[in-house]
Amino acid sequence: MKKNIAVIMGGYSLEHNISLNSGAFVMRTINYELYNVFKIVISKEKWIYINEYNNEFNVNKDDFTVNVNGNVISFDSVFIIIHGDPGENGILQKYFEELKIPFTGPNSKTAELTFNKKKCIDFVSAHSINTAKSFLLEKDKSYDLYKIINKLNFPMFVKANNSGSSYGVYKAYNKDELNKFIVDIFKIDNEIIIERFIDGREFSIGVTNFDKEIKVLAVSELISENDFFDYEAKYEGKHKEVTPANINLDLENKLKKEAKKIYEILKLSGFSRIDFIVENQLPYFLEINTIPGMTEHSIFPKQLRLNNLNMTELFTEIIQNTLK
């Protein structure tokens, strides 16, 4: 008997539409011979199931079921493909844990840790992973900006601590810019991370569990037309992505080794994409995307194809692992 799989997409953040695109790719790629697949779109206003005729049915949040013309549908597993809040920050994971419904990706504690940039940086740093020196600012709490400037020097990165897809990321060249960016980011997040600027090349590496082992995929280089790899560069075509990256074997092995180590120490599951910046041949961990972009043009699927791995088979294994 086929299992009912809910593919949940959308979310509450500015990445809602990006998630819908990723969700559409997942819906096209899942093996329908094995599963009954249901498209679930959530927003702050409503949670709905959308069938093949674009009819909408409300999701009962109390037990995550859907009543379709008197037939109550429950789900054997949930494929989470929401970027940002609430799909990557542990909120949805905790919801499904409480309902005892299996789901793809990390558990709630890991999702919460990896979504919080500062906590994640501090965690991997404690396991001998190189990271940029950084400071955390909290809204409505005092901080010494002059101390931060003296420790980091300009330019420096100013980032929303709980955000994805390069939203709320700025590069400050002076104190006036730094103050402006702090004000702007506090409008969207209660925490800000200020980070030393590392002058180097940026790389991204997909890592996943496949065929009962951790697979480190190809290395991609991200080259921005802008001053850095911001949202416009990432999603509005202002970048060049080179897969596989044009790097020497020594650097490639260093990056892959660090990516695998991070995946292991964070006890990740499913697919993730880990970003680094390299300065003087030394990789520095930037951040991890536990639910990376998932379209035909996204980095992770390209890397998977380069490794001669099949996306449908990967999705099947990830779903099956939740059902054990």
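Looking across the range 188-214, the residues that are assigned to a strand (DSSP E or B), without any contact (Cβ under 8 Å) to a residue 60 or more places away in the chain and either buried (at least 20 other Cβ atoms within 10 Å of the Cβ) or among the hydrophobic types (A, V, I, L, M, F, W, C) (or both) come down to Ile192, Ile214. If you go through the range 286-317 and keep only what is in contact with a strand residue (DSSP E or B) (Cβ under 7 Å, 6 or more places away or on another chain) and of a type in the set (A, V, I, L, M, F, W, C), you end up with Leu286, Ile288, Ile291, Ile299, Phe300, Leu304, Leu306, Leu309, Leu314. Flag set for Ile129, criterion: surrounded by fewer than 19 Cβ atoms within 10 Å (Cβ to Cβ) and among the aliphatic types (A, V, I, L, M). Go through the residues of the range 158-165 one by one and say whether even a single one is touching a strand residue (DSSP E or B) at 6+ places or on another chain (Cβ under 9 Å), surrounded by 14 or more Cβ atoms within 10 Å (Cβ to Cβ), within 26 Å of Ile291 (Cβ to Cβ) and of a type in the set (Lys, Arg). Checking the range 158-165: at least one residue is touching a strand residue (DSSP E or B) at 6+ places or on another chain (Cβ under 9 Å), surrounded by 14 or more Cβ atoms within 10 Å (Cβ to Cβ), within 26 Å of Ile291 (Cβ to Cβ) and of a type in the set (Lys, Arg). Here the range 23-54 is the region considered, the condition is being among the hydroxyl-bearing types (Ser, Thr, Tyr) and not in a loop (DSSP other than H, G, I, E, B), and the residue that is farthest from the chain's Cα centre (by Cα) is Tyr35.
Could you go through the range 67-82 and let me know if any residue there is closer than 23 Å to Gly206 by Cβ and either in a loop (DSSP other than H, G, I, E, B) or among the basic types (Lys, Arg) (or both).
Among the residues of the range 67-82, at least one is closer than 23 Å to Gly206 by Cβ and either in a loop (DSSP other than H, G, I, E, B) or among the basic types (Lys, Arg) (or both), which makes the answer yes.
Of all residues in the range 1-43, those satisfying the criterion of being aliphatic (A, V, I, L, M) and in contact with a Gly (Cβ under 9 Å, 6 or more places away or on another chain) are Val7, Ile8, Met9, Leu14, Ile18, Leu20, Ile40, Val41, Ile42.
Every read-out reported here was derived from the displayed coordinates using simple, explicitly stated rules and does not represent laboratory data. The structure displayed is predicted, hence computed values, not measured ones. Because the Cβ atoms are built from the backbone with ideal geometry, glycine has one as well, and the counts that use them run over all protein chains shown.
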